[in-house]
Amino acid sequence: MKTTGTPRPDSRSEATRLLCAGAYLDLDFRRRVIEELVEHEERPVAPSLGIDVVPVLTHALRARSQDVLTAVLLTGLWAAFFATGFVTDTGSLPEAPLPWAGLYAVVCVVHWLGQAAAGRGSAVYAVDRTTLRRALKGHASLRALRAVGPPVLQVAYWAAALVALFEGMGSWAALLFPLLLALPVWMHRQRVASVMRLELGREAFAHHPRAVPRSRYHRRIAATIDREQYAGLTIYDPSRPFIGMGRPYEPWSFVLELKPRDGAKGDLRVPFTARAVVDLIRPRLEALRDSAAATSRDRLKDLEVEEFVYLPVGPHRPEVRYDEPVVRRHLQDAVDEGGEARRYFLRVRVGAWDEQVVVSVLVRVHTQGGMLVLEVVPHVLTPVKPEFRAVDVIAARGEDDILRDGARALLSAPAAGFASAVSALRTAVAGFRTWLADPRRAVPDGPAGSVREIAGVRSVSLFQEMDISRYVKTVQDRIASGVRDALRSQGYETDQFEQQIVQVSEGGVFIGSMSGGAVAAGSGAQARNTTKDGGS
């Protein structure tokens, strides 16, 4: 199988570029990407909103391979380091050899633990640079010790090794091997810096060919991802709906009894269906996009409107068909059936802040039993982790930064070397676990995670929150106008509908009388029934 030859514009998006860089800068992110996409091959990929998953997986696999290569080189050097501790210059065993290799191993472990405590698990560019002054100001002593302890311990080792060498109690190996151990780390950093500069820099990424895996096994997985990530349907597990859409943002729904308008009974000969409502909502959303494109630079000008269907877990992944005729048939059959398992949605997507904030509004309509049910489920994908932006700093350093980067490699070698060893060990365990589980023959399952969601932060800025609220409210207004026009065109009353939908101060949706009651959705929202004479 071959991957798609003409990738979507999402392959060049800023979010895709940052996720590719994150595969080198964040071990945990890389591990989870490979775990979801490779180790659990039985799971379809979640919908890709504003990103292309294949290049992200490709760079994650390349970063893991580089870690393994670095770990192999370091293992050989460590073996030689320990061997010299048991042999004197004359080739005989010393009476009381100083365990310099063991002492330096302790230094490396302490460095790595301090790095892990700081939340940085990467083998490259991961030194905690918190200064003594910053660590001690307004923080607990334990945090200060974490920041200052490892560098002090490293300096103490070098001082002890120098003193012991001058006093005739040490060995040249105690000084030489720590320098040699920094060499693979420096080579690793140079390889990563080259990728950041030549492939993932802003200008380079826009023109560089789309990255695809090299091995035949991983190319097959990438081809499957290409088949699924932009399709008009997705497989889901009932306990994990909407994977890939982000966090819910004030979902709401209402139920309305369909009452014929006086003097309009003749219009009711045409069935009032969900398709009729959707066909009136969609042009209003498209008109909103065209209007924004003509009058402003607002991200609404790039608003996307797509029909989408969720299918429950059933056949094995290779047996699910994503070709256009099959998807179209699912959409046509699901829009009016109102089933529990197969669910149709009209998906409206706005990618803002260079795809850092993605707002998706899912709309579902029921018209059975003389009732109209409207379900609106907004979701938000939060910005990519800010540390991934280090790609621009690394790419800007250029090739003339070799000496300075060598110094950085020497300082970061204790933690980076140990972290690369941990990464290689995890790779071996993961490979054995994948081979043992044989995911291609595992029980079918739905997506359990999304590459884009894994890389997201927990919160958004105030500006971004304002934009999210504006996008959601604007889209909801167009949805409401489309439903209102659908009711009018079919000869149904709209007064009750117009009274039911009211925007409240915190962005909730007021739902008026429903069998004599009132419901308000959203944190802090309030609901109140209002009669025609103004009473409540």
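Annotations
- One residue from Ser423, Ser459, Ser469 being out of contact with any strand residue (DSSP E or B) (no Cβ under 6 Å at 6 or more places or on another chain), surrounded by 14 or more Cβ atoms within 10 Å (Cβ to Cβ) and farther than 28 Å from Ile221 by Cβ: Ser469
- Condition check for Ser536: farther than 29 Å from Pro283 by Cα, modelled with pLDDT under 50, loosely packed, with under 13 Cβ neighbours inside 10 Å and in contact with a Lys or Arg (Cβ under 9 Å, 6 or more places away or on another chain): yes
- Unmet requirement for Tyr310, which otherwise passes all of (1) within 25 Å of Ile51 (Cβ to Cβ); (2) out of contact with any Phe, Trp or Tyr (no Cβ under 7 Å at 6 or more places or on another chain); (3) at pLDDT 90 or above: (2)
- Test: residue in the range 265-277 that is surrounded by 14 or more Cβ atoms within 10 Å (Cβ to Cβ), out of contact with any Asp or Glu (no Cβ under 7 Å at 6 or more places or on another chain) and modelled with pLDDT of 85 or more: yes
- Residue within the range 106-115 that is at pLDDT 80 or above, buried (at least 16 other Cβ atoms within 10 Å of the Cβ), over 30 Å from Arg214 (Cβ atoms) and over 40 Å from the mean Cα position of the chain (by Cα) present: no
- Annotation: Leu285 fulfils all but one of (1) at pLDDT below 90; (2) surrounded by 16 or more Cβ atoms within 10 Å (Cβ to Cβ); the unmet one is (1).
Okay, residues lined up against (1) outside any strand (DSSP E or B); (2) of a type in the set (A, V, I, L, M); (3) at pLDDT 90 or above:
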residue: Pro378; (1), (2), (3): no, no, yes
residue: Val393; (1), (2), (3): yes, yes, no
residue: Asp401; (1), (2), (3): yes, no, no
residue: Asp405; (1), (2), (3): yes, no, no
residue: Ala409; (1), (2), (3): yes, yes, no
residue: Gln464; (1), (2), (3): yes, no, yes
residue: Gly482; (1), (2), (3): yes, no, no
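- Meets criteria (part of a loop (DSSP other than H, G, I, E, B), at pLDDT 90 or above and either of a type in the set (A, V, I, L, M, F, W, C) or not assigned by TED's automatic domain parsing to the domain that holds Leu19 (or both)) for Tyr344: no
- Each residue in the range 168-205 was checked for being among the aliphatic types (A, V, I, L, M), more than 19 Å from Tyr24 (Cα to Cα) and in a helix (DSSP H, G or I), and 7 pass.
- Selection status of Arg478, of a type in the set (Lys, Arg), crowded, with 16+ Cβ neighbours inside 10 Å and under 24 Å from the mean Cα position of the chain (by Cα): no
- Any hit, the range 420-429, residues being out of contact with any Asp or Glu (no Cβ under 9 Å at 6 or more places or on another chain) and in a loop (DSSP other than H, G, I, E, B): no
- Residue match in the range 243-251 (condition: assigned to a loop (DSSP other than H, G, I, E, B), hydroxyl-bearing (Ser, Thr, Tyr), touching an Asp or Glu at 6+ places or on another chain (Cβ under 9 Å) and surrounded by 16 or more Cβ atoms within 10 Å (Cβ to Cβ)): no
- Leading residue by the ranking (farthest from Gly446 (Cα to Cα)) among those in the range 49-58 that are crowded, with 24+ Cβ neighbours inside 10 Å and out of contact with any strand residue (DSSP E or B) (no Cβ under 6 Å at 6 or more places or on another chain): Pro55
The values are calculated or read from the model by the stated rules, or taken from the named source; none is laboratory data. Fair warning: this is a prediction, and the values are worked out from it, not measured in the lab. With ideal geometry, Cβ positions are generated from the backbone for all residues, glycine too; neighbour counts draw on all protein chains shown.
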